[in-house]
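Below you'll find the structure, written out as structure tokens, and then a few comments.
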Ligand SMILES: NC(=O)c1ccc[n+]([C@@H]2O[C@H](COP(=O)([O-])OP(=O)(O)OC[C@H]3O[C@@H](n4cnc5c(N)ncnc54)[C@H](OP(=O)(O)O)[C@@H]3O)[C@@H](O)[C@H]2O)c1
């Protein structure tokens with residue numbers, strides 16, 4: 001019988017799917033959450049919209065009843081929007097924060113009481129380099145991931161005495177359906193002299209030639225073998241170098257360079 005139970009949100013495709021597959025190989029019993037079930041037969045699928053608090057509560061209650069304990073929660077479900085901040089509808093930016101931030105928070109807070117009582121457990125948030133390199137015309141996406149990073153750190157401090165650890169996995173470009181599913185607002189591109197379209201196009205090109213989700217899952221599994229989780233882990237050598245630059249460069253210089261590339 002498997003001893004370790006993991007929950008992966010957004011497990012039906014992309015990075016979540018690869019994570020679920022890799023965790024099964026590592027011997028976890030995997031509960032997969034998404035609005036549509038995925039195709040992996042060994043995963044215990046729970047249809048759930050992470051923005052629906054009641055839905056999340058019921059699904060976690062079912063998992064706890066079935067599994068008895070939660071060793072790992074991966075908050076991965078996420079969406080992306082793009083466009084100039086001033087031309088993004090309130091509905092779109094609220095949804096961005098609801099899925100990526102509030103959705104992850106809602107799931108994490110369902111797992112916390114049990115992990116605290118168990119005096120063990122790990123919560124891994126799937127974040128982005130955009131959390132530390134805020135991208136123009138993806139301001140709300142960047143903000144949603146920066147919020148996750150801060151939340152993960154603060155939550156980790158609260159839970160440390162109970163043996164519960166939190167961590168973020170910060171990704172750069174990964175080749176998934178995320179790119180095609182991005183909700184793009186081109187409104188105002190004339191006002192911004194074509195910068196919105198050019199910036200998003202550039203970033204999408206990088207995503208389409210990005211790393212595979214299996215590579216992300218491999219790094220996550222290596223991380224989970226560590227005795228303690230780092231507060232943040234950047235995936236990929238070149239991306240780790242970018243993270244290093246972010247730490248040493250003065251913020252204004254970093255923003256100037258970002259503006260040159262994506263502005
Ligand atoms: N791809 C990249 O380049 C990249 C880079 C940095 C960070 N990330 C982050 O990685 C995570 C996964 O992205 P991905 O590239 O794997 O995207 P993806 O292929 O589009 O998969 C997104 C997953 O999230 C689920 N999801 C979306 N909204 C949901 C909701 N309201 N409730 C429950 N599940 C929901 C989707 O399932 P359903 O549609 O069935 O609900 C799907 O399983 C996201 O947090 C993203 O921000 C991605």
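The values are calculated or read from the model by the stated rules, or taken from the named source; none is laboratory data. Quick caveat, the model's predicted, so the values are computed rather than measured. Ideal geometry is used to build each Cβ from the backbone, glycine not excepted, and the neighbour counts take in all protein chains shown.
Selection of the range 97-114 for residues being touching a strand residue (DSSP E or B) at 6+ places or on another chain (Cβ under 8 Å) and surrounded by 24 or more Cβ atoms within 10 Å (Cβ to Cβ) yields 103, 104, 107.
I'm trying to understand the selection: among the residues of the range 76-91, which are assigned to a loop (DSSP other than H, G, I, E, B) and closer than 19 Å to residue 179 by Cβ?
Taking the range 76-91 and keeping what is assigned to a loop (DSSP other than H, G, I, E, B), we get 76-80, 83-84, 88-89.
Result: 76, 77, 78, 79, 80, 83, 88.
A quick yes/no check of all residues on (1) more than 13 Å from the ligand (Cβ to nearest atom); (2) touching a residue at least 24 places away in the same chain (Cβ under 8 Å); (3) assigned to a loop (DSSP other than H, G, I, E, B); (4) more than 21 Å from residue 104 (Cα to Cα):
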site: 5; (1), (2), (3), (4): yes, yes, no, no
site: 11; (1), (2), (3), (4): no, yes, yes, no
site: 15; (1), (2), (3), (4): no, yes, no, no
site: 20; (1), (2), (3), (4): no, no, no, no
site: 23; (1), (2), (3), (4): yes, yes, no, no
site: 38; (1), (2), (3), (4): no, yes, yes, no
site: 41; (1), (2), (3), (4): yes, no, yes, yes
site: 56; (1), (2), (3), (4): no, yes, no, no
site: 59; (1), (2), (3), (4): no, yes, no, no
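Taking the stated definitions as given, is residue 84 out of contact with any strand residue (DSSP E or B) (no Cβ under 7 Å at 6 or more places or on another chain) and either away from the ligand (no atom under 15 Å from the Cβ) or within 28 Å of residue 163 (Cβ to Cβ) (or both)? Outline the logic, then answer.
Values: out of contact with any strand residue (DSSP E or B) (no Cβ under 7 Å at 6 or more places or on another chain): yes; either away from the ligand (no atom under 15 Å from the Cβ) or within 28 Å of residue 163 (Cβ to Cβ) (or both): yes.
Taking the combined requirement at face value, the residue satisfies it.
The C-beta contact set for the range 161-174 (first residue assigned to a helix (DSSP H, G or I), second residue away from the ligand (no atom under 14 Å from the Cβ) and modelled with pLDDT of 95 or more, distance under 6 angstrom, 6+ apart or interchain) comprises 162/116; 162/119.
A single entry from 130, 154, 147, 143 fulfils the requirement of being away from the ligand (no atom under 14 Å from the Cβ) and part of a helix (DSSP H, G or I): 154.
How many of the residues making up the range 222-250 are outside any helix (DSSP H, G or I) and touching a residue at least 12 places away in the same chain (Cβ under 8 Å)? Please lay out each step first, then the result.
Pass one, the range 222-250, residues outside any helix (DSSP H, G or I): 225-236, 249-250.
Add one more test, that the residue is touching a residue at least 12 places away in the same chain (Cβ under 8 Å), and what stays is 228-236.
Adding up the residues that qualify gives 9.
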